[in-house]
Amino acid sequence: QVQLVESGGGSVQAGGSLRLSCVASERTFSNYGMGWFRQAPEKEREFVAAISRSGGNTRSADSVRGRFTISRDNARNTVYLQMNSLKPEDTDVYYCARCSGGYLSNNPSAHDSWGQGTQVTVSS
């Protein structure tokens, strides 16, 4: 089973930026769409952004559109989430996930592998 390892989380003031990275252990990384989700304690996991296997198509949640950008480097088996103009309400644990169908999806159930998560904290 593929291992996904996120990094890049941390604490930042409102208006600041962070870039999350997620490295996959598999050599077939380029065969799969990838997604970023976030979750706060006692809340459901929320879709943030997704990207197709080639990187040519992306989708993002209304709450982050224009501020967050998803991208990938298939040569490095890595997917990124560039987060700009961060707000306190962006505070969450962020997870990357592999889409089992090879396409991009905003549905957590369509993803079969998940990273351990990285904490993002935005202070006002």
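The table below gives the values:
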| read-out | value |
| --- | --- |
| Förster radius 35 Å - calculated FRET efficiency between Gln1 and Ser124 (Cβ-Cβ, nearest 0.05) | 0.35 |
| Largest-first principal axis extents of the Cα set of the stretch 15-79 (Å) | 34, 26, 20 |
| The stretch 60-124, relative contact order in percent, only Cα pairs under 8 angstrom and at least six apart counted | 30 |
| The chain - Rg and Dmax from Cα coordinates, angstrom | 13.3, 41 |
| Efficiency of FRET between Asn84 and Asn106 - r from beta-carbon atoms, R0 30 angstrom, step 0.05 | 0.90 |
| Projected label distance in nm at Gln39 and Asn74, using a 7 Å step from Cα toward the beta-carbon | 2.9 |
| Inter-centroid distance (Cα atoms) of the stretch 83-124 relative to the stretch 38-78, Å | 6 |
| Per-pair calculated FRET efficiency, R0 = 22 Å: Glu26 and Asp62 via Cβ, rounded to 0.05 | 0.10 |
| Vicinal HN-Hα couplings computed from phi for the stretch 62-76 (Karplus, 6.51 cos²θ - 1.76 cosθ + 1.60; Hz; Gly/Pro x) | 4, 5, 10, 4, x, 10, 10, 9, 9, 8, 8, 10, 5, 5, 9 |
| Carbon and sulfur %, accessible surface of the chain computed with the full protein complex present, 1.4 Å | 41 |
| Accessible area of the chain divided out per residue, in Å², using a probe of 1.4 angstrom | 51 |
| Relative contact order (percent, whole number), the chain, Cα cutoff 8 Å, 6+ residue spacing | 36 |
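The values are calculated or read from the model by the stated rules, or taken from the named source; none is laboratory data. Bear in mind the structure is a predicted one, so any value in this text is a computation, not a measurement. Neighbour counts run over all protein chains shown; Cβ positions are idealised from the backbone, glycine included. Note: areas computed on protein heavy atoms with side chains; ligands, DNA, RNA excluded. Shrake-Rupley method; radii C 1.70, N 1.55, O 1.52, S 1.80 Å.
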